[in-house]
Amino acid sequence: MATVVVLISFTRAMTTDINNKLEKYGANILAVPETDTLPLSYGGLSIGGISFEIREINQADLAGIGRIKNAANVAAVGPMVLGGINIGEKRVLLAGLDKKGLISLVEIAAPCSACPITELVQQISGVLPGARVMAIYQVVKGRMETLQRFKKFHTAPARLFFWWAAWWFWSP
């Protein structure tokens, strides 16, 4: 019984957390450099892949976002460069801007519930060559689908427990 309560509580907490984050951040969009990936396997076991042909996002291309059909729905564009640096003996991630105008990722804020996000993603993809553009809600939607499957899973032990309890209580 305790396991069922824990599973239900966990699922409810995760669902609430995802909904709160979606409301807080709105329908934001992320653009990252497109890469070609070669999947690797060893003895039939998948061991990930190797990224190659990493394309760069050019900072000059970001101006095109202001010229898309639904540009009025874009509140902010935040280009960022990510890279590793050594500080003492530690390797840390540094975020900033690149003097060459090459970008690691772009955060695009479209904070409105009625924004045509799918169209925005398509339009931004058209002006950012070499970038993979995605709506963050799509990632959240995938997580919610996983939670729905988990909810279906956790009801099975509850049904089994109640069936067993009923059998035990009413059996001679």
> Taking segment 118-172, which residues are modelled with pLDDT of 65 or more, within 15 Å of the chain's Cα centre (by Cα) and surrounded by 13 or more Cβ atoms within 10 Å (Cβ to Cβ)?
Replying inline: 121, 132, 133, 134, 135, 136, 137
> Can you tell me which residue in segment 55-77 is nearest to residue 107 (Cα to Cα), limited to those that are surrounded by fewer than 13 Cβ atoms within 10 Å (Cβ to Cβ) and in contact (Cβ under 8 Å) with a residue 12 or more places away in the chain?
Replying inline: 76
> What single numbered condition from (1) within 18 Å of residue 34 (Cα to Cα); (2) assigned to a strand (DSSP E or B) fails to hold for residue 85?
Replying inline: (1)
> Does residue 77 satisfy the criteria of being under 16 Å from residue 28 (Cβ atoms) and at pLDDT 70 or above?
Replying inline: yes
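The values are calculated or read from the model by the stated rules, or taken from the named source; none is laboratory data. No experiment lies behind these values; they were computed from the predicted model shown. A quick note on method: Cβ atoms are made from the backbone with ideal geometry, for glycine too, and the neighbour counts reach across all protein chains shown.
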